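Visitor: Okay, here's the structure, questions in a sec.
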Amino acid sequence: MQVTAAMVKELRELTGAGMAACKNALVEADGDVKRASEILREKGLAAAAKKAGRVAAEGLVAAAVSPDRKSGVLVEVNSETDFVAKNDDFVTFVQQVANHTLVSNAKTADELLDEKWIADTSQAVKEVLANKIATIGENIGIRRFAKFEATDANSAIVEYIHGGGRVGAMLLISAPAINDSVLEAGRNVCMQIAAMSPQFVSRDDVPAEHIANEKDILTKQAMQENETAAKPKPAQVIEKMVEGRLAKGLKEVCLVDQEYVKDAEHTVGSYLKSVGEGVKIVRFTRYEKGEGIEKKEVDFAAEVAEAMK
């Protein structure tokens with residue numbers, strides 16, 4: 001019996017399995033959708049849809065950079081448990097996602113899922129993902145990616161992955177000439193970004209609304225302190241105190257003003273100057289796996305008790 005697109009669609013909606021898996025199951029079942037769904041269940045491929053609702057807050061961050069360092073991506077792929085995040089099959093898949101994204105035209109994770117998988121163009125990325133969920137046995141999600149392009153000869157992309165994929169950083173560095181020293185400096189600064197979590201390259205990149213908001217918070221804090229102080233300070237002293245605290249806070253979130261972790265006598269900015277005149281960080285991004293995802297706390301005793309009912 002000939003397998004039609006409508007049959008594949010029906011089976012896919014019924015089981016949540018990938019397109020290719022559905023087609024193969026229908027061929028094996030001679031077009032019998034019910035039998036095909038049983039085949040998928042037997043192979044463990046029909047479980048992907050059920051697993052897709054579970055929270056995936058673990059996983060890995062990975063990077064891929066072109067040989068000429070003119071294009072680079074940083075990706076985060078999530079799993080439900082740290083155990084799976086260390087699984088060789090999962091680790092390989094995450095790197096494949098990074099390699100795919102490097103040559104992709106997608107601007108969002110949703111667009112990426114609809115693309116044809118570079119390693120097998122007969123499947124979409126989302127089908128490969130569904131099959132991987134079924135094979136590994138946990139919900140997996142391609143959460144986000146950042147892509148940088150170096151558009152001239154005086155810039156390059158450098159990446160760093162820390163803790164086996166727990167944290168990743170990528171930056172675009174520029175210099176009068178890109179050489180080994182500049183690339184090494186880029187890697188050192190990537191390590192700084194991974195460790196110290198800056199938000200901006202320099203004070204010039206900090207939005208005015210961010211500064212205004214911080215100043216407002218610091219002013220309210222200082223005024224509250226002043227109200228309970230044994231000897232209240234005059235308004236002009238409070239203002240100077242707020243400015244000092246603001247400057248200190250900005251130093252902590254601006255990359256070039258941070259204390260350089262590998263040499264406390266340097267800031268990141270002065271370290272870059274020591275590498276060479278005109279060496280600058282243009283932009284950067286930092287991913288930490290699972291950041292911002294609310295993990296579901298599981299009470300296994302309560303789960304068992306509920307199941308017993």
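The values are calculated or read from the model by the stated rules, or taken from the named source; none is laboratory data. Treat the numbers as computed from the prediction; the structure is a model and nothing was measured. Here the Cβ is made from the backbone with ideal geometry for all residues, glycine too, and neighbour counts use every protein chain on show. These accessible areas exclude ligands, DNA and RNA; they are computed on the full protein's heavy atoms, side chains included. Shrake-Rupley method; radii C 1.70, N 1.55, O 1.52, S 1.80 Å.
Visitor: Based on alpha-carbon atoms only, what is the radius of gyration of segment 144-233 relative to the globular estimate 2.2 N^0.38 Å?
Guide: For segment 144-233, the normalised Cα radius of gyration comes out at 1.63.
Visitor: Apply the Karplus parameterisation 6.51 cos²θ - 1.76 cosθ + 1.60, with θ equal to phi minus 60°, to every residue of segment 222-237 and state each ³J(HN,Hα) to the nearest whole Hz, in sequence, with x for glycine and proline.
Guide: Along segment 222-237, the couplings run 5, 5, 5, 4, 5, 5, 9, 6, 5, 10, x, 8, x, 4, 5, 6 Hz.
Visitor: Rank these residues by their accessible area, most exposed first, probe 1.4 Å: E13, E252.
Guide: Sorted descending by solvent-accessible area, the residues read E13, E252.
Visitor: Between M196 and N213, 0.36 nm times their residue separation minus their Cα-Cα distance comes to what?
Guide: Values: separation 17, 0.36 × 17 = 6.12 nm, distance 2.20 nm.
Net length gain for the segment: 3.9 nm.
Visitor: To continue, here is another question. Counting only Cα atoms, I'd like the Rg/Rh figure for segment 57-209, Kirkwood definition for Rh. Numbers along the way, then the final one.
Guide: Working: Rg = 16.6 Å, Rh = 16.6 Å.
With Rg and the Kirkwood Rh in hand, the quotient comes to 1.00.
Visitor: Report ³J(HN,Hα) in whole Hz for each residue of segment 195-207, in order, from the Karplus equation J = 6.51 cos²θ - 1.76 cosθ + 1.60 where θ = phi - 60°; Gly and Pro get x.
Guide: 7, 10, 6, x, 9, 9, 6, 8, 4, 5, 8, 6, x
Visitor: Related question: So, with a 1.4 angstrom probe, what is the percent of accessible area on the chain that is carbon and sulfur? Could you put the intermediate results ahead of the total?
Guide: Details: 8830 of 17240 Å².
Carbon with sulfur: 51 percent of the solvent-accessible area.
Visitor: Next question. List the relative contact order of segment 121-262 as a percent without decimals, with contacts defined as Cα pairs under 8 Å and 6+ residues apart.
Guide: 18
Visitor: Please figure out what share of the DSSP beta bridges in the chain is antiparallel and state it in percent, rounded to the nearest 5.
Guide: Within the chain, antiparallel bridges account for around 95 percent of the total.
Visitor: Residue by residue through segment 92-105, which ³J(HN,Hα) values in whole Hz follow from phi under the Karplus form 6.51 cos²θ - 1.76 cosθ + 1.60 (θ = phi - 60°), with glycine and proline marked x?
Guide: The phi angles translate into 5, 4, 4, 5, 5, 4, 5, 5, 5, 5, 4, 9, 7, 9 Hz.
Visitor: What residues qualify as long-range amide H neighbours of G18, i.e. H under 5 Å apart, gap of 5 or more or another chain, H built at 1.01 Å from N?
Guide: N131
Visitor: Another question, then. Among 278-287, 172-181, 239-248, what's the highest-first ranking by average C-beta atoms within 10 angstrom per residue?
Guide: Values: 278-287: 18.8, 172-181: 16.2, 239-248: 13.9.
Per-residue Cβ counts within 10 Å, averaged per peptide and sorted highest first, yield 278-287, 172-181, 239-248.
Visitor: Turning to a different aspect of this structure: Would you mind calculating the gained length between D120 and S274 on full extension (0.36 nm times residue separation, minus the Cα-Cα distance), in nm to one decimal? Intermediate results must be reported in sequence, preceding the final value.
Guide: Numbers: separation 154, 0.36 × 154 = 55.44 nm, distance 4.71 nm.
Contour length minus the Cα-Cα distance gives 50.7 nm.
Visitor: Could I ask something else about it? Taking the Cα centre as origin and putting +1 on Lys and Arg beta-carbons and -1 on Asp and Glu beta-carbons, what dipole magnitude results for the chain, to the nearest 20 debye? If you can, show how the numbers build up before the last one.
Guide: Numbers: 40 positive and 48 negative charges, 35 e Å.
Charge dipole of the chain: 160 debye, to the nearest 20.
Visitor: Would you pull out the residues with amide H under 5 Å of A124's amide H, same chain only if 5 or more places away, H placed 1.01 Å from N?
Guide: W117
Visitor: Given the options A222, A62, A134, state which has the largest fluctuation in a GNM of the chain using a 10 Å cut-off (strictly under) for Cα springs.
Guide: A222
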